[in-house]
Amino acid sequence: MLPLSRTEKLLVEELDEDLVIYDEERHKAHRLNGTAAFVWRRCDGRTTVAQIAALLAAKTGDAVGDDVVLLALRQLQSASLLRANGRTAARPVGIPRRELLKTAALFAVVLPAVTTILVPTPAQAASPATPTATPKPTATPTPTPTPKPPAAGVWCVGVVNTMEGVNPDGVVGPTATTPGSTVCIPCPASGTCKTPMELRWRRGPTAGTCIIIVTVKPGACAACPAGGIRLLPPVGTNGGWYVV
Amino acid sequence: MRRLDRLGWAAGIAFSNYGVRIGVRTNDPALWPHLAGRLPPGAAESASPVVDVLYSVILGTSSGTTRRYHMVYDGISQLARTLDLAEAVDALESSLHLTVASHAENVLFVHAGAVTWAGRAILIPGRSMSGKSTLVSALLEAGARYYSDEYAVLDRHGRVLPYPRAIHVRGGENGGRRIRVPVLDPPEHRAVPVGLIAVTRFRAGAVWRPQTLAPAEALLALLSNTVQPRSQPRDALAVLRRVVTARAVKSERGDARDVARALLDEVESCRAPRARAASL
């Protein structure tokens, strides 16, 4: 048997004698203690189990049987850290644990140990808002289309002149604006602001339309001044303007 | 998304935090007072209206016998549909923090409490309901300085940055609704090296018997509580290996006050040899 370690898509961190191996394919992290790490490093497809045992014995200064190496190989294989190649993979061998413990006790050999965790997704690592929280978060946040307003500082600056029309709930237009408010409207594609500019506001697809007339300072687009209320365009056909 | 966009939006805010640009829009500006102090710490109002993640909050109105649900959306995903406004705001707040933690640039968010003592940070990694907020509160009572309750923010050097959101302590160790405890002592805005990692979990009647963890074990404990390791595993490992140069201990715990004192003593004892060496 010529065991061969897997090296693809693995990130390896050495910490003292131990290894932490991150499996980018399976999103699992493994901690190999010194003995398991020693065995894994020598699985090069050319070294036999007996040779690895001899190397381990030379390192520890104690006799080490093949069974210790075989136990390590079994753990490494179940952690998918060995190549699943029929010729070289270590086939699990039934080793009485009692025998291994006896060996360990006699020769002070540290038994190989591989600890594995499944690396959490962001949602798994997070706390819920409350124990009875209603949201059922998906495993990973889904990228969603968002309105793409213009680049920073590219606005038409104006003053609300008139506001017409009343929504069914009695609210006139965007609630944040009143006649006289300074507002910033995304720069048109032409790059030039023209006045007057008419903005339509609709609370919902079936509700009445409100209109605000904004007197825009004509000319090239500019930065939104401090205190200016930024209004973004609707994405849908009937969407209302909203304030940013 | 179009159906959402068609709704009337009366107000909105845009802010950025750790490189993540977030927008919140609502049909009713009455939402804003409820969000006071609930935005991610350090969030800066954004001059640009372009956002990476857009939240939509619809406040339900009540008229006569008709009550309408408050609804919270992250993009097109519904986060909450509830008649309880506090619950809707909790869901929004929780998701805002998770969004920042998941997409933050140049830092690593670990689900952990963090306090500082004698110039070193104590990290308490753990998931929800592990009792870490109670332990953080006990450490503050014992004199430690508050850095974070839910997410510890680590810079590239493995140092802890403050992320001081209001502490959430549940009613009792074993559950109940959360109680928001305002943060009275704002942290210093500086990065602090980690002095101790305490992997612990509350169990009624348990005795604190700390066992030292090997650095690799500590790294695994932190990794299992890291928010974005899957997207940036190389960076996460690089940061965490710097963190685990600090001593790490593990034990179940009972009363938080007893453990708090023990943790502070532990940090001081870890620090002492270095301080002595410096004075020689």
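Put a dot 7 Å past the Cα of A:Glu24, heading toward its Cβ, do the same for B:Asp52, and the two dots end up 2.0 nm apart. Per-residue 3J(HN,Hα) values for the stretch B:49-57, derived from phi via the Karplus relation 6.51 cos²θ - 1.76 cosθ + 1.60 with θ = phi - 60°, read x, 7, 10, 8, 10, 10, 9, 10, 10 Hz in sequence order (x marks Gly and Pro). Counting beta carbons within 10 Å around each of A:Leu231, B:Leu98, A:Leu2 and listing the fewest first gives the order A:Leu2, B:Leu98, A:Leu231. In terms of surrounding Cβ atoms within a 10 Å radius of their Cβ, A:Asp16, B:Asp5, A:Asp67, B:Asp74 rank from fewest to most as A:Asp16, A:Asp67, B:Asp5, B:Asp74. Residue order for B:Ser148, B:Ser63, B:Ser133, fewest other beta carbons within 10 angstrom first, comes to B:Ser63, B:Ser133, B:Ser148.
Could you tell me whether the stretch A:11-61 comes out rounded, prolate or oblate from its Cα gyration tensor? Rule is a ≥ b ≥ c as square roots of the eigenvalues, rounded for a/c under 1.5, then prolate if a/b exceeds b/c, otherwise oblate. Oblate is the answer for the stretch A:11-61, as a/c is 1.5 or above yet b/c matches or exceeds a/b. Ellipsoid fit via the Cα gyration tensor, chain B: semi-axes of 37, 21, 16 Å, each the root of five times an eigenvalue, largest first. Among B:Leu219, B:Ser137, B:Ala198, flag the residue with its Cα farthest along the positive direction of the charge dipole of chain B, charges on Cβ as +1 for Lys/Arg and -1 for Asp/Glu. Of the options given, the answer is B:Leu219. Based on the inverse mean of 1/r over its pairs of different Cα atoms, what is the Kirkwood hydrodynamic radius of the stretch B:216-269, in Å? The Cα-based Kirkwood calculation yields 12.8 Å.
Modelled spin labels at A:Ala58 and B:Ser62, positioned 7 Å past Cα toward Cβ, are 8.0 nm from each other.
Placing unit charges on the Cβ atoms only, positive for Lys and Arg and negative for Asp and Glu, gives the stretch B:23-82 a dipole magnitude near 300 debye about its Cα centre.
Given axes a ≥ b ≥ c from the Cα gyration tensor, I'd like to know whether the stretch B:76-177 is rounded (a/c under 1.5), prolate (a/b larger than b/c) or oblate. Oblate, since a/c reaches 1.5 and b/c is not below a/b.
Just so you know, all these numbers are worked out from the coordinates, no wet-lab data involved. This is a predicted model, so every value here is computed, not measured. Every residue, glycine as well, gets a Cβ built from its backbone with ideal geometry; the counts of neighbours run over all protein chains shown.
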